[in-house]
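Report on the following structure.
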Amino acid sequence: MKLFGRKTLHDAIPFGQFSAERLHRLLRQDILSSIKRLKTLAQSEEAPTFMNTILELESIKSHANRYYDVYAAQTSVTTKNSFSAIADRVNGLLARYEKSLYVPEIFARIEKVYKSSDPNLLTEEDEALILYYYNLYVKEGINLSLVQRKKLAIYEKELHKLGEKYTNNLVKIQDSTMKIRSPEHLQGVSKYFLNVAKRDARKNAYDGYLFKVNDNAYKEILKYCDNRLIRERVCQIHWNSEQNKYLKSNEQIAKRMLTLRQKIAHLHNHKNFSDLTLAFNSVPNFTQLNDIFMKVKKELAPRMKKLYTELENFAYQKDGIEDFSHWDFDYYLHQLKIKKFGLDEQKISEFFPLEHVQNEMFKILKSMFGITFKRTRVPVYHKDVIPYRVFKGKEELGLVYFDLLARPDKDLVPFCLSMNDSLTSKKPHAIVSCQINPPNKDIPSLLSYDDVQTLFHEVGHMLHMMFSKVPYSSLAGFNVSKDFEEVPSLFLEKMVEDPEIFVRLSKHYKTKRPLSKKLVKFVNRFNKMEKLVDVFSTLRYSLLDANFHRSNLIDVKNFNKFEKTVLKDLELFSRPVGSNYLSNFEHLFNISHEGSYYSYLWADIIQEDLWAQFKRNGKRLNRKMANRLVENIFSKGGAVSEMEQIKRFKNGRELSLAPFLKSIRMP
């Protein structure tokens, strides 16, 4: 079977050689033929077996996904192209496919296989695939009564519409513009952001600077802009629901969505939506999760209060700030790091030109995992994209497209996209997308410390795919429990903190010298401070998420008061007037992290424990330990329970919280 009717080099997608209409026709053919196969399966009178039911479903799914993966790739890499025009028709086809997929007749066959299969006749992967399909149908509510399924459909339809409206409101906020006439008001902001703002101002016939208040501009201004009034202005646009009609609307939308989720949980016979979510994740139960929350909170709260007091005093001594506020925190944290460590993060980026960082990353991955990257010539969707074939020894693992430079029509959020099912070879093909500032005539593309970490993070997802040895695509790569999928990516991200690795990645674009040992030591110290702040933020959002989805919302009359109660001992300063988390928390209301925001914290705990095993066995670039990691975790996907994967890697020992708690203690 060939994509677009012909064989391509390395089975690569022939980007640029097909139209949106042609893709839609081919996708439609595959979806309709898959629907026909599903109807045949549903009507089959043959006794259900692993072969004729579970493997048939896996085959149908793979066939249906072939051209959808191509469509997903085309629409993910840019916010504006001709493929977006077929979105409604594609979504209509997917709805028809799912209507034929999730039917009681097929679930009855799955359930019989689930309850009657003989483990002695199945592999570990076979058993996992049966469980995957059983849980998939249970989550969709196919095991419910007809009346319950109708209610579920009504609730989910309303949730989908509300989620889209919530996100559209946030998009409108981020499309809000802020005009600033004089560059004097923007002291501290990077040249890259100033150039973008100047360009956008010219497009709108404005003599000055025009900022879109998206997440990137919000973070840039709060962290680097010396003008306090500008920082406050951006913060109010982002957070004040009393002044912003879109945030006010989102507050009501979020309340309704939380109520609907509780109703869905009750249909599934769970007390609350949080318990429903945890039933399909790797955390054993909420009691254990809440115990982790409290231990991390006990460790974090006094340290963050100490840091806050230090920042408050520093702001007063430096600039006479007497009313230290939300819009001051990031700015003075940055200024304090400069004072304490003599480091300006904007200057540090001069040591990380993209070409050097990427080449050294390849060498580091070869030392640790034995993999190599070889550039290849296959069609790409943009001139900035560079494709590589990935090898381990003579074995070809797959193909990866590195799309690392920022551009106006590109999604702001870095990602790693799998295109495994669309390829006849079944070797993983992936896109690694980042938002690194492009070069100009005088300066090469330079990475901030965050950019370096983000690159390693997304490559971690890519390796999770490349190392997979699972024969079923539904269980391969990062097709794992939602709260485990970030573990490999955070593990790779952690590599950047190692002094030896960090020095190797650095090479000043002018002097060609690496960072000095003294600078590396300072960078590691302020990164400790940064991690403290990041974990503190993650804990706060995780607690809010858990409590939003565990409470009887009918009894909650004042959500601002509710939020303050949940965040007791974790509220360092007064929030902007009129602000609340309900209005601006997209991860909970349209990015599929509802009830599982804790996943970031949980994955961080796991990766710290994994790294602790490397430390116990010598240096971090330890090929023997890396092979164990691949054998027991990176290659297993969802074919083995995640907690079992950890136990196997640790030679039977359970997950430990101690390494994580140690990682958030200031030196």
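The values are calculated or read from the model by the stated rules, or taken from the named source; none is laboratory data. All values reported here derive from a predicted model rather than from experimental measurement. No Cβ is skipped: glycine too gets one built from the backbone with ideal geometry, and neighbour counts run over all protein chains shown. What goes into the accessible areas is simple: the full protein's heavy atoms, side chains included, and nothing from ligands, DNA or RNA. Shrake-Rupley method; radii C 1.70, N 1.55, O 1.52, S 1.80 Å.
How long are the three semi-axes of the equivalent ellipsoid for segment 181-340, computed from the Cα gyration tensor as the root of 5 times each eigenvalue, in whole Å, largest first?
Rounded to whole Å, the semi-axes are 38, 25, 14.
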Among the aspartates and glutamates, which fall within straight-line cross-link reach of Lys482, defined as a Cα-Cα distance under 13 Å, with same-chain neighbours fewer than 8 residues apart omitted?
Glu594, Glu642
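Taking the radius of gyration and the Kirkwood hydrodynamic radius from Cα positions alone, what is the Rg/Rh ratio for segment 492-558, to two decimal places?
Details: Rg = 20.2 Å, Rh = 15.2 Å.
With Rh from the inverse mean 1/r over Cα pairs, Rg/Rh is 1.33.
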Carbon plus sulfur, as percent of the 1.4 Å-probe accessible area of segment 288-427, comes to 49
Lysine pairs in segment 1-126 with Cα distance under 22 Å, only those 8 or more apart or on different chains: how many are there?
11
Points 7 angstrom from Cα along the Cβ direction at Ser84 and Asp384: gap in nanometres?
1.6
Any residue on another chain or 5+ positions along whose placed amide H is under 5 Å from the amide H of Ile436 is listed here as Leu405, Ala406
Quick one: angle between helix 215-224 and the longest Cα principal axis of the chain, in degrees between 0 and 90, rounded to 10, please.
30
Averaging the inverse of every distinct alpha carbon separation and then flipping it gives the Kirkwood radius. What is it for segment 201-247, in angstrom units?
11.8
Given pairs Lys161/Lys245; Lys347/Lys615; Lys165/Lys568 and cut-off 24 Å on Cα-Cα distance, the over-length ones are Lys347/Lys615; Lys165/Lys568
Hey, what's the Kirkwood Rh for the chain if you take every pair of different alpha carbons, in angstrom?
26.9
With every protein chain kept in place and a 1.4 Å probe, the chain has an accessible area per residue in Å² of 46
Which value, in Å² rounded to 10, gives the accessible area of Thr49 with a 1.4 Å probe and all protein chains present?
60
Which residues in segment 288-307 place their backbone N less than 11 Å from a point set 7 Å from the Cα of Leu661 along the Cα-to-Cβ direction?
292, 294-300
Could you work out the pair-distance distribution P(r) of segment 292-422 from its alpha-carbon pairs, with 5 angstrom bin width and percents rounded to whole numbers?
2, 7, 11, 12, 12, 11, 10, 12, 10, 8, 4, 2, 0
What is the angle, in °, between the Cα long axis of helix 599-616 and the longest principal axis of the Cα atoms in the chain? Nearest 10 is fine, range 0 to 90.
80
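Among 158-170, 638-650, 178-190, 464-476, what's the highest-first ranking by average C-beta atoms within 10 angstrom per residue? Show your work: numbers first, answer last.
Values: 158-170: 16.8, 638-650: 19.5, 178-190: 15.1, 464-476: 22.3.
Packing proxy ranking, top to bottom: 464-476, 638-650, 158-170, 178-190.
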No solvent, one uniform scatterer per C-alpha: report log10 I(q)/I(0) for segment 367-453 via the Debye equation at q = 0.22, 0.23, 0.24 1/Å, two decimals.
-1.20, -1.25, -1.29
Principal-axis tilt of helix 124-139 within the chain, Cα atoms, nearest 10 degrees:
80
Excluding residues fewer than 8 positions from Lys374 in its own chain, the lysines with Cα under 16 Å of it are Lys363, Lys366, Lys392, Lys394, Lys427
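Once the Cβ-Cβ distance between Tyr192 and Arg37 is put in as r, and R0 is 60 Å, what FRET efficiency do you end up with, to the nearest 0.05? Don't skip to the answer; put the middle values down first.
Numbers: r = 51 Å, r/R0 = 0.85.
That pair, Tyr192 with Arg37, gives E of 0.70.
Can you give the Kirkwood hydrodynamic radius of segment 63-129 from its Cα pairs, in Å with one decimal?
Working: mean 1/r = 0.0665 Å⁻¹.
Its Kirkwood hydrodynamic radius stands at 15.0 Å.
Which of the trypsin sites (Lys or Arg not before Pro) found in segment 501-563 are in a DSSP loop and have at most 15 neighbouring Cβ atoms, other than their own, within 10 Å?
Values: sites: Arg504, Lys507, Lys510, Lys512, Lys517, Lys518, Lys521, Arg525, Lys528, Lys531, Arg540, Arg550, Lys557, Lys561; in loops: Lys507, Lys510, Lys512, Arg550, Lys557.
Answer by residue number: Lys510, Lys512, Lys557.
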Amide H neighbours of Gly398 under 5 Å, counting only residues 5+ apart in sequence or on other chains, H built in-plane at 1.01 Å?
Val390
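What value does segment 497-637 have for Rg/Rh, both radii from Cα atoms and Rh as Kirkwood defines it?
Looking at segment 497-637, the ratio lands at 1.10.
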Take the alpha-carbon positions of segment 1-108, form their convex hull, and give its projected area averaged over all directions (one quarter of the hull surface) in nm².
7.7
Enumerate by residue number the GluC sites (Glu not before Pro) in segment 274-322 meeting two conditions: DSSP loop (anything except H, G, I, E, B), and at most 15 other Cβ atoms within 10 Å of the site's Cβ.
Glu322
Between Lys219 and Lys392, what is the spin-label point distance in nm, taking each point 7 Å from the Cα along the Cα→C-beta axis?
3.1
Compute the projected area of the convex hull of the Cα atoms of segment 267-364, averaged over all viewing directions, and report it in nm² to one decimal place.
12.1
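Rounded, prolate or oblate for segment 433-583? Axes are the square roots of the Cα gyration tensor eigenvalues, ordered a ≥ b ≥ c, and the cut-off for rounded is a/c under 1.5.
The shape class here is oblate.
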